[in-house]
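A.B. asks: Supplied in structure tokens, the structure appears directly below.
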Amino acid sequence: MQENFDKRDRAAQFRLRLARAMDQRKMSQSALARTIGVDRSTVSQLLTDTGARLPNAHVVGSCASALGVSADWLLSLSNRPESAAELLASSLTMTEAPRALVDERIFEWHQEAAGYKIRYVPATLPDMLKTRAVLEWEYAPHLGRTADQAIGASEDRLTWMRGAQSDYEIAMPLYEIHSFAHGTGYYDGLPLNVRLDQIDHMLELCEQLYPRMRIYLFDAKRLYSAPVTIFGPLLCVFYAGSHYMAFRDRDRIEVFTRHFDTLVREADLTARHFPTHLRQLRAVISAG
């Protein structure tokens, strides 16, 4: 008996959703009939038949295509009316990533996720932890005469991010912090006094913001991660250099959240040990 009830209920829901989609598209019965290649009486029957039978798959698919909705939605198999192509398009977006400190899009994502835990694998040291001297060294060559203005504006946003009601978990490769401390690789040419001030600044921020901000260091020989930010359950954003690739579908966000949690779980240095490691690095480069 329950099976018969389910079929009748599903058929009634199909009629309601078909009528709603036609109304939203402002499509008449005659117009829908012409579009899907059936008689008008067939469409009328689809809308008024009180039986438990559903139309065949071809008719359902044709109606869905003509009305710009998914067949699953018409059949109450999904609560999202968008087609599969529309769902995919909305779940994956590509956004230009200008060479900027905190561009508009990134700041909007941080504002949207305020209050959620933000998991972050940066491409270099996190901008939100950098001193003005490091920002100027890194960005001034690309910003030209607008560097001072851009850095000033970014500092306000970075301050907002540090003060937002979000927990930040940051995972970085061990070599990144070592390269910075010793001024090698990406940081070649960064003066010693600037590096020492930066380390002091990070130590101060770690003390101020822990446990709301936690930094972990993992061994890139065992683990790898592309630069990525996971904004709670809302979205996951990969940094690809010239563009951001953002996912909003829950399954992908969960996959990359698990990836990040692996980085934290397998970290060689935990958030509690990070300040001690920084102090040791500082002592080494100061003595050298």
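A.B. asks: Taking the stated definitions as given, is PHE238 in contact with a strand residue (DSSP E or B) (Cβ under 9 Å, 6 or more places away or on another chain) and surrounded by 21 or more Cβ atoms within 10 Å (Cβ to Cβ)? First the steps, then the outcome.
C.D. replies: On the way: in contact with a strand residue (DSSP E or B) (Cβ under 9 Å, 6 or more places away or on another chain): yes; surrounded by 21 or more Cβ atoms within 10 Å (Cβ to Cβ): no.
For PHE238, the condition - in contact with a strand residue (DSSP E or B) (Cβ under 9 Å, 6 or more places away or on another chain) and surrounded by 21 or more Cβ atoms within 10 Å (Cβ to Cβ) - is not met.
A.B. asks: Further question on the same structure: If a residue has to be surrounded by 14 or more Cβ atoms within 10 Å (Cβ to Cβ) and modelled with pLDDT under 90 to count, how many in segment 48-60 make the cut? Please lay out each step first, then the result.
C.D. replies: Here is the first cut: in segment 48-60, the ones surrounded by 14 or more Cβ atoms within 10 Å (Cβ to Cβ) are 49, 52, 54-55, 59-60.
Filter once more, so that each one left must be modelled with pLDDT under 90: 49, 52, 54-55.
Counting residues in segment 48-60 that are surrounded by 14 or more Cβ atoms within 10 Å (Cβ to Cβ) and modelled with pLDDT under 90 gives 4.
A.B. asks: Would you confirm, using the coordinates I've provided, whether THR257 is within 14 Å of TYR120 (Cβ to Cβ) and of a type in the set (S, T, N, Q)? Please lay out each step first, then the result.
C.D. replies: Working: within 14 Å of TYR120 (Cβ to Cβ): yes; of a type in the set (S, T, N, Q): yes.
So THR257 passes the test.
A.B. asks: Which residue is modelled with the highest pLDDT, if the candidates are limited to segment 154-182 and must be surrounded by fewer than 19 Cβ atoms within 10 Å (Cβ to Cβ) and of a type in the set (Phe, Trp, Tyr)?
C.D. replies: Result: TYR175.
Residue by residue, here is whether (1) hydrophobic (A, V, I, L, M, F, W, C); (2) more than 29 Å from TYR116 (Cα to Cα) holds:
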| position | (1), (2) |
| --- | --- |
| ARG162 | no, no |
| PRO173 | no, no |
| PHE180 | yes, yes |
| THR184 | no, yes |
| LEU196 | yes, yes |
| GLU204 | no, no |
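A.B. asks: For segment 183-193, what are the residues that are surrounded by fewer than 17 Cβ atoms within 10 Å (Cβ to Cβ) and of a type outside the set (S, T, N, Q)?
C.D. replies: Within segment 183-193, the first condition is being surrounded by fewer than 17 Cβ atoms within 10 Å (Cβ to Cβ), and the residues that meet it are 183-186, 188-189, 191-193.
The answer is GLY183, GLY185, TYR186, ASP188, GLY189, PRO191, LEU192.
A.B. asks: Still on this structure, please answer the following. Of the residues in segment 268-288, how many are over 30 Å from PHE107 (Cα atoms) and part of a helix (DSSP H, G or I)? Walk me through it before giving the result.
C.D. replies: First pass over segment 268-288, keeping only residues over 30 Å from PHE107 (Cα atoms): 268, 276-277, 279-288.
Narrowing the set further to residues that are part of a helix (DSSP H, G or I) leaves 276-277, 279-287.
Result for segment 268-288: 11.
A.B. asks: Kindly list, by first and then second residue, each pair from a residue in segment 207-231 that is under 17 Å from MET161 (Cα atoms) to a residue that is aliphatic (A, V, I, L, M) and outside any strand (DSSP E or B), limited to pairs with Cβ atoms under 6 Å and residues at least 6 apart or on different chains.
C.D. replies: ARG214/ALA271; ILE215/ALA271; PHE231/ALA113
A.B. asks: Considering only segment 1-82, give the helices (runs of 4 or more DSSP H) lying wholly within it that have at least 1 residues that are outside the structural domain of ASP249 (by TED's automatic domain parsing) and touching a His at 6+ places or on another chain (Cβ under 8 Å). Show your work before the answer.
C.D. replies: Details: elements: 2-24, 29-36, 40-48, 57-67, 71-74.
Result: empty, no element qualifies.
A.B. asks: In segment 195-204, which residues are buried (at least 17 other Cβ atoms within 10 Å of the Cβ) and either among the aliphatic types (A, V, I, L, M) or closer than 18 Å to THR270 by Cβ (or both)? I'd like the intermediate steps shown before the answer.
C.D. replies: First, pick out the residues of segment 195-204 that are buried (at least 17 other Cβ atoms within 10 Å of the Cβ): 195, 198-199, 202.
Listed by number, the residues that qualify are ILE199, MET202.
A.B. asks: Let me ask something else about it. Take residues that are small (Gly, Ala, Ser), closer than 29 Å to SER286 by Cα and assigned by TED's automatic domain parsing to the domain that holds TYR116 and tell me which of the helices (runs of 4 or more DSSP H) falling wholly in segment 167-267 contain 2 or more. Before you say what the answer is, go through the steps one by one.
C.D. replies: Values: elements: 174-182, 192-209, 250-265.
Hits in segment 167-267: 174-182.
A.B. asks: Determine, yes or no, whether ASP23 is under 41 Å from the mean Cα position of the chain (by Cα) and modelled with pLDDT under 90.
C.D. replies: Values: under 41 Å from the mean Cα position of the chain (by Cα): yes; modelled with pLDDT under 90: no.
Against the criterion (under 41 Å from the mean Cα position of the chain (by Cα) and modelled with pLDDT under 90), ASP23 does not qualify.
The values are calculated or read from the model by the stated rules, or taken from the named source; none is laboratory data. Keep in mind that what you see is a predicted model, and the values were worked out from it rather than measured. When we count neighbours, we look across all protein chains shown, and the Cβ atoms used for this are built from the backbone with ideal geometry, even at glycine.
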